[in-house]
Every structure is written in C-alpha cells, then in structure tokens.
Amino acid sequence: MSTRCTCAETCQQAGSVPRRSLSCTTCTRTTGGSESTKTVGTMVSRRCAITGALSAFVVSHGVFLLLSKVVAAKPADQSVSRTIRWGLLVDVTKCTEGCSSCVDACREEHGWTGFGRPATDPQWIRKLFLKDRATGYAVSLPIMCQHCEFPPCVDVCPTGASFRRADGIVLVDRHICIGCRYCMMACPYNARSFVHETPRNQQPHTPRGKGCVESCTLCAHRIDHDRPLACVERCTELGHQALLFGNLNDPRSDISQRLASYASVRVRPDLRTNPGIYYQGL
Amino acid sequence: MRSDDDWGLSRLLVVFLVIINCMAPAVTKAGDKMGPLIPKGKGERCVEETGFMRRNHMELLKHQRDETLYKGIRTKRHSLQECIACHTVLGPNGRPVTIASPEHFCNVCHAYVAVTPDCFMCHASTPGSSDPLPSGDSNEGK
C-alpha cells in the first residue's frame with residue numbers, strides 16, 4: 001500500500017523516497033533499510049491539492065470529451081475508428097427456445113433466404129439448444145460470427161479478402177474472395193457460409209454473389225448510419241431484450257456496464273481469439 | 001503539275017469531311033443507329049461532367065467500393081446505389097428494370113461496346129430494397 005502524492009518535493013520533506021524524481025509519483029518510505037514499505041499517510045499539501053483538483057478536472061473533462069466523441073455518430077465521410085470496438089452481449093437467460101426472430105430479422109435484412117437445402121444454404125446466424133445432461137439445465141442461444149480480435153479466418157485467407165475493420169468488425173471483401181473456403185475450415189465457430197447457388201433479389205446494402213464466402217457483418221451498413229443491428233432491433237421490439245449491442249471500449253456504454261456487473265463468457269476462450277460476442281448466463 | 005481544279009476539289013473534300021464530322025454527334029444524340037440511345041437520369045446533371053463519367057465511372061466506383069468496405073465511408077456522391085437510384089429505367093409494368101433487361105441504363109452502353117459489367121453478379125441493379133418476389137418476375141436473373 002502506498003499513498004499517491006502529486007508533489008515529489010513534499011514527499012521528500014516528509015522523509016520518504018519518491019520512486020521517480022518527477023512529480024505525480026507513488027511515494028514510499030523505507031524503514032530501517034529493510035525492503036518492506038509502509039504507508040506514508042496523508043501528505044497532500046495545499047499545492048498538491050490544487051494541482052490535483054486541476055488535473056482531475058482536466059482528466060475528467062478530457063475523458064468526457066473523448067467519450068462523447070466515441071459515442072457520437074460517425075460522419076459519412078469519415079473512416080471508422082480504432083477507438084471503437086463493437087461488441088454484442090447475448091443474455092441466454094432471456095433467449096427463449098423456439099424463438100428465431102433474430103434469425104428471421106437477419107435473413108430479411110440481408111436477403112440470404114435459402115433454397116430448402118440445409119446442407120448448402122447460407123446461414124449467417126443460427127439458434128443452438130444446449131442441455132447439461134448431468135443437471136438438465138438447458139439454454140437456447142444464437143451464434144454467429146464472433147468478430148474476433150485475432151480472427152483465424154483472416155490469418156488463413158490467401159487473398160486478403162477476409163479482413164478486420166478498424167472498429168472490430170470482421171468482413172469478407174467479395175471483390176477479391178476466390179471462394180477457396182479456407183476461412184470456413186479455420187473458423188472455430190462454424191460461422192461462415194459459402195454461396196452455392198445464384199442469389200436473387202439482393203438487397204442494395206448487402207451484395208451477395210455465387211462463389212463467395214459470407215458471414216454476419218454485424219450490420220456494418222447500419223452501424224455506419226448509427227442504426228441498431230437488425231437482430232438486436234427485432235429482439236428488442238418483441239420485448240425479449242436478450243441482445244445488447246455497444247462499444248466495448250467505452251466504459252460508460254450499456255454493454256460495458258453490464259459486462260462489468262455480471263459474469264459472462266465467450267465461446268472457446270482457450271483459442272485466444274478474443275471474440276466481441278459475449279454470452280451471459282451460459 | 002497540280003492544276004487549280006485539283007486544289008479546289010481537295011478543299012471541297014476537306015470542307016465536306018468537317019461538316020460530316022460535326023454532324024455525327026448530333027445524329028448520335030438523335031438516337032440514330034450510329035450510337036446507343038442513353039436514357040436520361042432523374043437529376044439535372046450528373047455528379048461529374050458527362051464526358052468524364054463516360055471514361056472514368058468505373059474508377060470512381062472502384063475507389064468508392066474500397067472506401068466503403070474497408071473504412072465504412074458511405075458518402076453518396078460516387079456510390080453505386082446512388083447511380084442506380086438516379087439512372088432507373090422503368091419497365092412496362094412500371095417497375096425498375098434489372099440488368100437482365102437491354103433497357104437497363106448500364107446495359108445500353110455496355111451492350112453497344114460489348115463489355116460485360118460484373119457488378120451485378122452481386123450488387124442489386126434496381127434501387128431500394130427489393131421485396132422477395134416469386135421466381136419468373138422482373139427481377140429474375142439479377
């Protein structure tokens with residue numbers, strides 16, 4: 001334990017040894033040449049108090065300005081920022097079995113309707129039903145691209161078509177995707193699909209073509225226009241409230257506060273992919 | 001030795017060629033067989049000068065696609081969606097025609113110069129969100 005002091009001069013006067021000669025250092029007093037340290041006690045002088053208050057003001061307002069910059073909608077002509085890391089929290093205790101509204105919303109938004117052939121139909125998001133045989137505890141949850149910080153799909157892509165946007169969204173550049181499907185093999189979450197058949201009625205915001213790999217885009221087109229994700233919007237509209245979207249880098253965002261308050265897990269954390277999708281109650 | 005008559009004929013030929021050259025664009029604009037009849041866009045003028053667009057629209061689109069995909073920049077000026085929205089051609093049923101139709105704005109020129117654009121293998125060739133339509137409709141083969 002040690003007391004923080006913003007003034008090294010005062011610390012020296014109090015008989016302590018500042019670790020660094022500059023101000024604003026952590027001061028400790030050694031006793032009898034031993035290595036043990038003791039708390040010096042309150043040593044904040046008036047000068048320290050004033051500078052401390054000033055720096056606290058500057059820091060708090062600086063943080064506030066920074067956060068308001070992060071929270072504000074991105075202008076259309078500006079690039080996405082690395083200061084943002086988009087994430088999604090799935091509360092599996094609120095996700096009901098048999099409900100597939102998020103899947104339906106995604107399908108309608110992006111137009112990935114299948115052809116009644118489950119083996120080859122695209123699937124950007126799917127519902128899983130898990131049951132612990134020992135206890136009988138059962139949960140239902142959606143799973144999609146986990147938007148990893150270290151995505152294996154990006155590592156293996158031979159053309160650079162798989163990439164991670166600055167704000168953490170993992171995407172496929174269909175202009176240079178050759179359809180080799182290495183990314184599908186590399187993805188531990190089975191999140192990607194190959195377009196086997198010629199799509200029809202593509203949505204203007206979601207181009208889709210035969211021979212490319214595709215997956216959840218975290219509704220990047222909606223995020224860029226400051227609109228909620230299609231799945232989150234539908235889940236919220238129906239009152240389920242099982243999906244919470246937000247900026248993981250902003251400690252004031254709803255998702256960050258919920259993650260700080262409740263236990264959550266990510267799928268296969270042992271792979272160290274650092275996914276952006278969190279599950280609560282799993 | 002060159003006679004005065006020869007000189008006069010040569011001058012006449014040059015004047016004739018100049019007149020023909022000046023007339024050609026007018027004939028093309030009139031929709032004669034000499035060039036494609038390009039449908040007019042909805043706006044008063046294009047986002048860039050027409051001649052520039054005819055030569056460089058593909059470069060603008062390519063630049064914009066990377067800006068949008070990698071950086072999330074979604075300005076409308078050079079966006080394919082905006083091109084499609086402005087240059088819509090309505091079919092007999094009152095709905096925008098798709099790239100499958102020879103009357104589609106892109107097709108009119110691209111068919112004339114025998115260059116196949118592959119944008120619409122993935123991108124929608126009609127503006128707005130197209131409703132899920134049964135097979136055999138006007139959006140078939142998009």
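The values are calculated or read from the model by the stated rules, or taken from the named source; none is laboratory data. Everything numeric in this text was worked out from a predicted model, so none of it was measured. Counting neighbours? That spans all protein chains shown, and the Cβs are built from the backbone with ideal geometry, glycine included.
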Query raised in the report: Looking only at region A:189-209, which residues are of a type in the set (D, E, K, R) and in contact with a Cys (Cβ under 9 Å, 6 or more places away or on another chain)?
Result: A:192, A:208
Query raised in the report: Which condition does residue A:239 not pass, out of (1) within 15 Å of the chain's Cα centre (by Cα); (2) on the phi > 0 side of the Ramachandran plot, if it passes all the others?
Result: (1)
Report summary line: Given the conditions (1) under 18 Å from residue B:66 (Cβ atoms); (2) hydrophobic (A, V, I, L, M, F, W, C); (3) touching a residue at least 24 places away in the same chain (Cβ under 8 Å); (4) touching a helix residue (DSSP H, G or I) at 6+ places or on another chain (Cβ under 7 Å), every one holds for residue A:163 apart from (3)
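Applying the selection to region A:255-274, what residues are of a type in the set (S, T, N, Q), assigned to a helix (DSSP H, G or I) and touching a strand residue (DSSP E or B) at 6+ places or on another chain (Cβ under 8 Å)? Give the derivation first.
Start the filter on region A:255-274 by keeping residues that are of a type in the set (S, T, N, Q), which leaves A:256-257, A:261, A:264, A:273-274.
Remaining after also requiring assigned to a helix (DSSP H, G or I): A:256-257, A:261.
Residue satisfying the conditions is A:256 alone.
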Report summary line: The residue that is farthest from the other protein chains (Cβ to nearest Cβ), considering only those in region A:188-200 that are touching a Pro at 6+ places or on another chain (Cβ under 7 Å) and either surrounded by 20 or more Cβ atoms within 10 Å (Cβ to Cβ) or small (Gly, Ala, Ser) (or both), is A:193
Requested in this report: Quickly run through region B:34-48 and pick out the residues that are surrounded by 11 or more Cβ atoms within 10 Å (Cβ to Cβ) and charged (D, E, K, R).
Outcome: B:48
Query raised in the report: Say we look at region A:201-219 and pick out the residues that are surrounded by fewer than 24 Cβ atoms within 10 Å (Cβ to Cβ) and of a type in the set (D, E, K, R); which of these is nearest to the other protein chains (Cβ to nearest Cβ)?
Result: A:208
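Would you tally the residues in region B:67-92 being in contact with an Asp or Glu (Cβ under 8 Å, 6 or more places away or on another chain) and on the phi < 0 side of the Ramachandran plot?
Our first condition is that a residue be in contact with an Asp or Glu (Cβ under 8 Å, 6 or more places away or on another chain); within region B:67-92, this holds for B:69-70, B:72-76, B:89, B:91.
Narrowing further to those that are on the phi < 0 side of the Ramachandran plot: B:69-70, B:73-76, B:89, B:91.
Qualifying residue count, region B:67-92: 8.
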Query raised in the report: Looking at (1) within 14 Å of another protein chain (Cβ to nearest Cβ); (2) at pLDDT below 90, which is the one condition that is false for residue B:77?
Result: (2)
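Could you list, in sequence order, the residues of region A:237-263 that are within 20 Å of residue A:137 (Cβ to Cβ) and buried (at least 19 other Cβ atoms within 10 Å of the Cβ)? Even if it seems obvious, please write down each step before you answer.
Taking region A:237-263 as the starting set, the residues that turn out to be within 20 Å of residue A:137 (Cβ to Cβ) are A:240, A:242, A:262-263.
The answer is A:242, and nothing else.
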Query - region A:169-190: number of residues that are more than 26 Å from residue B:75 (Cβ to Cβ) and in contact (Cβ under 8 Å) with a residue 60 or more places away in the chain - result: 2
Requested in this report: Go over the candidates B:98, B:88 one by one and state the one that is touching a strand residue (DSSP E or B) at 6+ places or on another chain (Cβ under 9 Å) and in a loop (DSSP other than H, G, I, E, B).
Outcome: B:88
**Report entry** Residue selected from region B:27-64 under the condition within 14 Å of residue B:84 (Cβ to Cβ) and either among the polar types (S, T, N, Q) or touching a helix residue (DSSP H, G or I) at 6+ places or on another chain (Cβ under 6 Å) (or both), by the criterion modelled with the lowest pLDDT
**Finding:** B:43
Query raised in the report: When you look at residue B:90, is it surrounded by 12 or more Cβ atoms within 10 Å (Cβ to Cβ) and not charged (D, E, K, R), yes or no?
Result: no
